[in-house]
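The values are calculated or read from the model by the stated rules, or taken from the named source; none is laboratory data. All values derive from a computational prediction rather than experimental measurement. Cβ placement follows ideal geometry from the backbone for every residue including glycine, while neighbour counts extend to all protein chains displayed. Surface areas here come from the heavy atoms of the whole protein model, side chains and all, with no ligands, DNA or RNA. Shrake-Rupley method; radii C 1.70, N 1.55, O 1.52, S 1.80 Å.
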Amino acid sequence: MSDPRRVEFGDFLRSRREKLSPKTVGLPAGQRRRTMGLRREEVAQLAGIGVDWYIRLEQGRTVSPSVTTVDALARALRLSKAEHTHLKALARDGDRRPFVREIVPPPILRLIESLTQPAYITGRRWDVLAWNAAAEEVFAFGRLPEEDRNTLLLMMTNKQTRRAYGAGWAEVAKRMVAMFRATYDVWAGDPAFVDLTARLRQGSPEFVKWWGAHEVHSTLSGRKTMSHPTKGVLHFEHTSFQANDDPALKLVIYTPVKGEGSAAHVVGSSIKQRSERSD
């Protein structure tokens, strides 16, 4: 049976190869092409590796490319920094233990409790594990079943979330899919991640389309504008931090933009944990 991570490695190579034209990499276009982008032998030539070896990589065979080979492929395919990092992560022999939902340590819980800005903690699968009262005011995590508290699931399949982002939804959602792709591929084949993507495929035709493109982006800070049913238009700057206690945990903070909308009035001082439910 093929290693799911190797399959994703090969799929990623193919998706990047099909995006490139001969002109982009300085090769003659030649006669009419039967396939999109570069040919496999052209990528192998640019990377300085054997064609058969490259074909095995793209087919997801159980082979382990060296760091030098991965770097050569990144140059040949004109990968961005985020794409190069992703390719290296897929080439490594990963942790084969099954995914287990994380538990947030008490010091981190107390940290987000102390924040007045909306803040929450996510795990590797982007599940929302804990959040403060200000985040509850904006996102209403406590009103959701535990299995639905996942930031990508909310963005792609929740009608209220889609309405909140309005015309900007597609841009934000597409970028989130590309960011999650970098996480998913490393966990490819794990039942918890397979189950999540199955729900996303079933609930969102946009996810199916964007997922097939195999785009990869790194996590970035930025601004988000949302329309809240009672608080009006909210403007936030959002950023995230990795926990030293457990690198799988990520603290996400939404800072209201001063003087823009009613976001500056969103405050809170108590904490909600994933075990709680609001009636």
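Within segment 8-18, is there a residue that is touching a strand residue (DSSP E or B) at 6+ places or on another chain (Cβ under 9 Å), surrounded by fewer than 19 Cβ atoms within 10 Å (Cβ to Cβ), modelled with pLDDT of 90 or more and not hydrophobic (A, V, I, L, M, F, W, C)? Let's see the steps before the verdict.
Pass one, segment 8-18, residues touching a strand residue (DSSP E or B) at 6+ places or on another chain (Cβ under 9 Å): none.
No.
With in contact (Cβ under 8 Å) with a residue 60 or more places away in the chain, of a type outside the set (A, V, I, L, M, F, W, C), more than 21 Å from A82 (Cα to Cα) and not in a helix (DSSP H, G or I) as the only criterion, which of Y165, Y254 stands out?
It is Y254.
Mind counting the residues in segment 197-223 that are open to solvent by 50 Å² or more (accessible area, probe 1.4 Å), of a type outside the set (D, E, K, R) and touching a residue at least 24 places away in the same chain (Cβ under 8 Å)?
Qualifying residue count for the region: 3.
Identify the single condition in (1) under 30 Å from L13 (Cβ atoms); (2) at pLDDT below 85 that S269 does not satisfy, given that it satisfies every other one.
(1)
Please list, ordered by first then second residue, the pairs with beta carbon atoms under 8 Å, 6 or more apart or interchain, first in segment 224-244 and within 17 Å of L115 (Cα to Cα) and in a strand (DSSP E or B), second hydroxyl-bearing (S, T, Y) and modelled with pLDDT under 90.
Hits for this filter: E237/S221; H238/S221; T239/S221; S240/T219; S240/S221.
Could you list all residues from segment 213-222 that are touching a Phe, Trp or Tyr at 6+ places or on another chain (Cβ under 8 Å) and modelled with pLDDT under 90? I'd like the intermediate steps shown before the answer.
Going residue by residue through segment 213-222, those that are touching a Phe, Trp or Tyr at 6+ places or on another chain (Cβ under 8 Å) are 214, 216.
Scanning segment 213-222 gives no hits.
Among the candidates R40, R5, R56, single out the residue that is modelled with pLDDT of 85 or more and in contact with a helix residue (DSSP H, G or I) (Cβ under 8 Å, 6 or more places away or on another chain).
R40
Would you please list the contacts, defined by Cβ atoms under 7 Å and residues six or more apart or on different chains, that run from a residue in segment 132-146 that is over 12 Å from P229 (Cβ atoms) and touching a residue at least 60 places away in the same chain (Cβ under 8 Å) to a residue that is acidic (D, E) and open to solvent by 10 Å² or more (accessible area, probe 1.4 Å)?
Hits for this filter: N132/E113; G142/E136; G142/E276.
Any residue in segment 171-191 that is open to solvent by 40 Å² or more (accessible area, probe 1.4 Å) sitting within a Cβ distance under 6 Å of a residue that is in a helix (DSSP H, G or I) and of a type in the set (A, V, I, L, M)? List the pairs, counting only those 6 or more apart or interchain.
Final answer for the pair search is V186/A89.
Looking at segment 56-143, what helices (runs of 4 or more DSSP H) fall wholly within it and have at least 2 residues that are farther than 30 Å from G26 by Cβ and open to solvent by 10 Å² or more (accessible area, probe 1.4 Å)?
On the way: elements: 67-76, 81-91, 106-114, 133-139.
It comes to 106-114, 133-139.
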